[in-house]
Structure formats: C-alpha cells, structure tokens
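The values are calculated or read from the model by the stated rules, or taken from the named source; none is laboratory data. What you see is a predicted model; the values in this text were computed from it and never measured. Neighbour counts run over all protein chains shown; Cβ positions are idealised from the backbone, glycine included.
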C-alpha cells in the first residue's frame, strides 16, 4: 500500500528547475532512503512534502491527502527531523518539549525518558547546545508523538557513533510499529544498513530505485587484477565464485583483489558520474 | 480555517520568546514619557526662553509650534506623545516584521510549521502578538503620563483627554503594524523591517510637508496618520477626523487580511 505518492512533481525557483517530473511512491512500514548529491533536489522534495514550499506542478499525496490542502491533517501523524535543526535560543530544552506536548495528543512517550536515553540535559538553554545536542532535541521532538511517517534529512549529522546507533535503534522500534521512514542521507553505510529501498535522485530527476532486500540476496563481487604483463582490469561479477576462480587461474596474475560490492560502491557512481 | 486553541498555543509561545523585547520597550517608553511629563510644570518657563530662539519650521517639524500648549497638561502630553508615537510606531513596524521574517531567517519556521497548524494560524498568532506588544507599550506611555498627571498636572490634567488621545492615536501604530504584516506576508526576501520603517518616515515627512505648505499641498496631511491623528484633531474630533479614523481602520484591516492571504500562498523562505 502506497503511503506517500509523488505524481509529476516539479519545482522551479524562477527559471531554475530544482526538481523535474518526479514520480515515485513509498510503501507503508518501510525505511526508504533518498540519496543524491548536494543540490540534487532532496531537500526541495522533502520540504514540498511538508508544504514548507509548494510544488510548481504535480501532486503529492500522503495517505490520499493532498500535501497542500490537507497539510495540517498530514502533520498530525508525520514528524520531521531537519538536517540543521533551528530552535529558539532563549528558552530551555524542557520549555521547548513542553510546548511540543501541547500539540501532541495521546503521546505515551516521555521526553524525559528519551532525553535520558540520548544523554541530553533538558535544563540547558537551546543557545548552549552543540549541533549534536540540537539534533537530539529534534529527534526527541519527532519521537514524542504517535507517528505514521517520519521524514529525516541527514538525521545523524553531528551525532557521535554511539548516538547514531542509539538513534537507529529507536528508528527500528518505530519500524516495528509499522511507521514509514523517509531518510535522506549522504551517509551511505547507514542507508545500506537500514533501508529497504533506496531512491536515487540526480539533477532533480530520479535515476534509479534499488530494492535493498533483493540487493542483499544477490551479492556481487568487484574483481580487480593486474597481470605479469602489467595490464590491469576491474569488473563486477555475480554468479558461481568457483567459476570465477577457474577463469582467473588461466591468467598470469601479478595482483588480485576480490571484494564484495557494497551498496555504497553502487551509490558512489551516482555521485561521480556526470 | 483556523482553530482558536492552536492560535492560543502559538500566541503564548510567541509572547514567551519575545517577552524580553516587549518588557524592554515598555520600560523604555514608560521612562522617557515619565521623564518628559514630570517636567511639565517647569517646561513653560523653559520653553518660552529656549524654544522661542528655534526656527518656526523646526518647531513645526517637531510638532511644537504652539507655545501655549506648554501651559496645558493635555496639550503638552499631545505634543510630547506625538514624538514618542514615532518611536512606538518604529518599534511596532520592526517588531511586527521580525515576528514573521525572523522565523524564516533563523529557520525556526521549520520547527513551528512541523506542528499540526496552518499558515493562517501562525499568521494570526503573530498579529495578535504584535497587537498585545504594541498595546502594552502604548499602555506604558499612558500609565506613565497618568501618574505624572496626578502628581503635577494640576487643573489642566484631564484624564479623559489623555485616554482619548492615547486610544485614537493608537490607529497610527496599528496602521504601520498592518503595513509591516502586509510586506512580510508577501515576502521575507527583502528587509521588511527597513521597508516598513522607511514607509513610516516617508509618511511622517509628507505630513510635515502638508502642514508646512498649507493650501498648496494640504492633502499630504491626510497621507500621514501622525498628522491626521495629532492631539488637536483628536480632541476637536471634526467630521474629517472621524472619516479619517474610518478610512485608516479599513486600510489597516485590508492590509492585515491581504498580508494573511499572501503569507498563506507563498513558500517559506528557508
């Protein structure tokens, strides 16, 4: 069942086309990665989904609700963790969460428990927080309400490795409750590790969609070798590894490297290619 | 279209995050007003010596052309308040613009708009915040004046006159507030606070020119709420003033509504 749908979505800033004719959908209960270079159109897509900006043409629907007309209803079950969280400097973290709680109905999660888990001092003023701690505030804010969708833009940016792990443990718990997660990230290893599907965007257009579960079932190798005659070759291999070894044994090798192809390797080409 | 509950929540938060600015302005205006009004008894003698030496045009520009005003507490208040009103209007114009523009400049709008609220609810909460803040600043001036009036106003202190001048001249403040909301509702890509303050100063100068040029360009007076709602006009309450009150009220309302419509339609500048 499609929870979020983009239909012919375009966004122009003046004459500049930030996103061009985007068509994709996100299914319920999945963690979907959104990968692309800086300026590829990721943040524009996310901000349009949240009605912070509106599409130039096309339509975005969430649970069948229009992202512009029904923005308020959508936000009742949607949370957002921005890449750079900005809050009001002159209040404390506690005051901020208490303000959030005024809007969240039926929230069973206590900000105190989450703050304790993420090691955040709620009595500090926002202006005294580091980027990592501001990120924790944003994460707690997102997890305070009963979500059906969590939209995240570079969520682990600024967090130390332990906190990143703790954060994804929380996200996986949300996934168990069938929460859909839309994750925009440059951290390719976390995308590889946690996402069910990855959408790749480049120059405002989707260029690939990767089913991560299928990808994990069909491992590929990257084989690189040089011969005694000083010629070198690199290729991708999928199939019976014994056949590969047999074929390689016929070559007068000087060096040989066989490594599993990670999704990170797959992604990096989209960053490199023009 | 909007929920009052949400506006209430946003309003209390907006007041909380701006409380220091509001209190600061209240104290400043209270103090300045007190400083001027407490000197009322000694002002008449001082004015006849010092102000007579000043050029008439300069006194006119400062709204002090009528020396007899200095012997009447209400008129003296009207003169001083005419100048203080410029400061209050500048505060209102910049404060109102910043209520909208700063949210986008500091990107806190992403946080605020992540709640299940509409743009209209955010806009209305900002308008009400500005109305409360400006009313408190105006009220500070009024309280300060009233205290001085009871202390040293003597027979010429008329509480109702001070109240009437304060109430009606508040239209000036709300007019500039609505202009600020119109501009910042339309865009935050330009310095809306500067634009609003510039608009205010232009209208002030136009009003002064209208008064200076008298018959040649008297219409200019009506373009300036500072002149239209000066203390003499307020206390006399001619039919022209009543019509002006009505027209300025309509324009103010129109600016507020138009600002809201534009704010609702445009993208946030983040």
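Summed over region A:33-52, residues that are out of contact with any strand residue (DSSP E or B) (no Cβ under 7 Å at 6 or more places or on another chain), buried (at least 21 other Cβ atoms within 10 Å of the Cβ) and either over 22 Å from residue B:111 (Cα atoms) or in contact (Cβ under 8 Å) with a residue 12 or more places away in the chain (or both) total 1.
Please tell me if residue A:105 is assigned to a loop (DSSP other than H, G, I, E, B), out of contact with any helix residue (DSSP H, G or I) (no Cβ under 6 Å at 6 or more places or on another chain) and facing chain B (nearest Cβ under 10 Å). Yes.
Within region B:156-172, residues that are over 16 Å from residue B:232 (Cβ atoms) sit with their Cβ atoms under 6 Å from residues that are buried (at least 20 other Cβ atoms within 10 Å of the Cβ) and modelled with pLDDT under 95, at 6+ positions apart or across chains, in these pairs: B:157/B:73; B:157/B:149. The single residue among B:84, B:100 that is modelled with pLDDT of 90 or more, more than 30 Å from residue A:51 (Cβ to Cβ) and away from chain A (no Cβ under 14 Å) turns out to be B:84.
I'd like to know if region A:154-169 contains one or more residues that are touching a strand residue (DSSP E or B) at 6+ places or on another chain (Cβ under 9 Å) and within 16 Å of residue A:82 (Cβ to Cβ). Yes, there is a match, as at least one residue in region A:154-169 is touching a strand residue (DSSP E or B) at 6+ places or on another chain (Cβ under 9 Å) and within 16 Å of residue A:82 (Cβ to Cβ).
Results for (1) outside any helix (DSSP H, G or I); (2) facing another protein chain (nearest Cβ under 9 Å); (3) touching a helix residue (DSSP H, G or I) at 6+ places or on another chain (Cβ under 7 Å), shown as yes or no for each residue.
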residue	(1), (2), (3)
A:89	yes, yes, yes
A:112	no, no, no
A:116	no, no, no
A:150	yes, no, yes
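Taking the listed residues B:75, B:146, the one that is at pLDDT 95 or above, within 30 Å of residue B:33 (Cα to Cα) and within 22 Å of the chain's Cα centre (by Cα) is B:146, with no other qualifying.
Of A:263, A:181, which residue is assigned by TED's automatic domain parsing to the domain that holds residue A:138 and touching a helix residue (DSSP H, G or I) at 6+ places or on another chain (Cβ under 7 Å)? I'd like the intermediate steps shown before the answer.
Values: A:263 fails: assigned by TED's automatic domain parsing to the domain that holds residue A:138.
None of the other options fit; the residue is A:181.
Can you tell me which residue among A:30, A:69 is without any contact (Cβ under 8 Å) to a residue 60 or more places away in the chain, more than 8 Å from chain B (Cβ to nearest Cβ) and surrounded by fewer than 21 Cβ atoms within 10 Å (Cβ to Cβ)?
Values: A:30 fails: without any contact (Cβ under 8 Å) to a residue 60 or more places away in the chain.
On inspection, the qualifying residue turns out to be A:69.
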